[in-house]
Amino acid sequence: QQGVVLYDDQDYYRHRDAFRSQLGYVPQDDIIHRRLTVRRALYYAARLRLPRALTKQQINERIDEVLNDVGIAHRSNLQVSKLSGGERKRVSIALELLANPSIFFLDEPTSGLDPGLDHKMMHLLRGLADKGRTIVLVTHTIMNIDVCDYVCFLARGGRLAFYGRPQEAKDYFGTDNFAEMYTMLEPTEANPRVPEEAEERF
């Protein structure tokens with residue numbers, strides 16, 4: 001019901017304007033206009049988000065940068081509605097990258113993608129992290145979880161059941177199967193307090 005959000009030890013809500021350009025967020029649903037081309041959608045977003053002093057050439061150079069970052073420059077003149085689900089997700093990420101945020105939140109970025117696209121998306125995010133950004137994502141897809149530096153398992157009720165490196169999670173739960181970890185954290189008829197006990201144990 002209450003709490004504090006700290007960013008670099010500063011209260012986020014007291015300094016929201018200062019943090020606005022440092023934080024990026026990509027929701028689960030696409031946030032781009034489907035009737036525009038990829039480049040046009042990013043151009044309008046850039047006009048809204050970037051400093052007014054930037055010239056049209058500077059904006060286009062920034063758009064080229066983010067399109068290359070997400071590996072979709074070759075689709076820049078295609079209408080958004082004609083892109084695949086994975087490509088649209090990349091454009092949504094590119095849109096947030098325009099302001100060059102230092103920390104990036106994504107809500108289930110691989111939902112609805114096939115295993116191959118899931119792999120590509122997770123490695124794309126790994127690449128962005130390797131360039132100095134902090135990437136925080138919510139996911140229920142566990143196939144490529146090993147590319148993450150840290151994982152956080154929340155049991156029912158938002159209870160913290162584990163936080164650490166993927167290999168440490170395997171050691172902690174005593175299994176190499178991440179799906180089994182989910183099962184271990186589910187309350188049962190015999191023991192409805194499993195989430196509370198998992199939090200206390202951790």
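A few remarks follow.
- Close pairs from segment 113-137: first acidic (Asp, Glu), partner part of a loop (DSSP other than H, G, I, E, B), Cβ under 8 Å, at least 6 apart: Asp118/Thr110; Asp118/Thr141; Asp118/Met143; Asp118/Asn144
- Among the residues listed as Arg34, Arg52, the single one being in contact (Cβ under 8 Å) with a residue 12 or more places away in the chain, open to solvent by 50 Å² or more (accessible area, probe 1.4 Å), over 29 Å from Gly158 (Cα atoms) and not in a helix (DSSP H, G or I): Arg34
- Test: residue in segment 137-147 that is modelled with pLDDT of 90 or more and in contact with a Lys or Arg (Cβ under 8 Å, 6 or more places away or on another chain): yes
- Looking across segment 67-85 at every residue that is assigned to a helix (DSSP H, G or I) and either more than 17 Å from Arg35 (Cα to Cα) or open to solvent by 40 Å² or more (accessible area, probe 1.4 Å) (or both), the one that is modelled with the lowest pLDDT is identified as Asp69.
- Elements of the type helices (runs of 4 or more DSSP H) sitting completely within segment 90-202 and holding at least 2 residues that are among the hydroxyl-bearing types (Ser, Thr, Tyr) and over 27 Å from His33 (Cβ atoms): these cover 178-184.
- Scanning segment 171-194 for residues that are over 21 Å from Ile142 (Cα atoms) and touching a residue at least 24 places away in the same chain (Cβ under 8 Å) turns up just one, Val194.
The values are calculated or read from the model by the stated rules, or taken from the named source; none is laboratory data. What you see is a predicted model, and the numbers here were worked out from it, not measured in a lab. Cβ atoms come from the backbone with ideal geometry, glycine included; neighbour counts cover every protein chain shown. Only protein heavy atoms, including side chains, enter the accessible area calculation; ligands, DNA and RNA are left aside. Shrake-Rupley method; radii C 1.70, N 1.55, O 1.52, S 1.80 Å.
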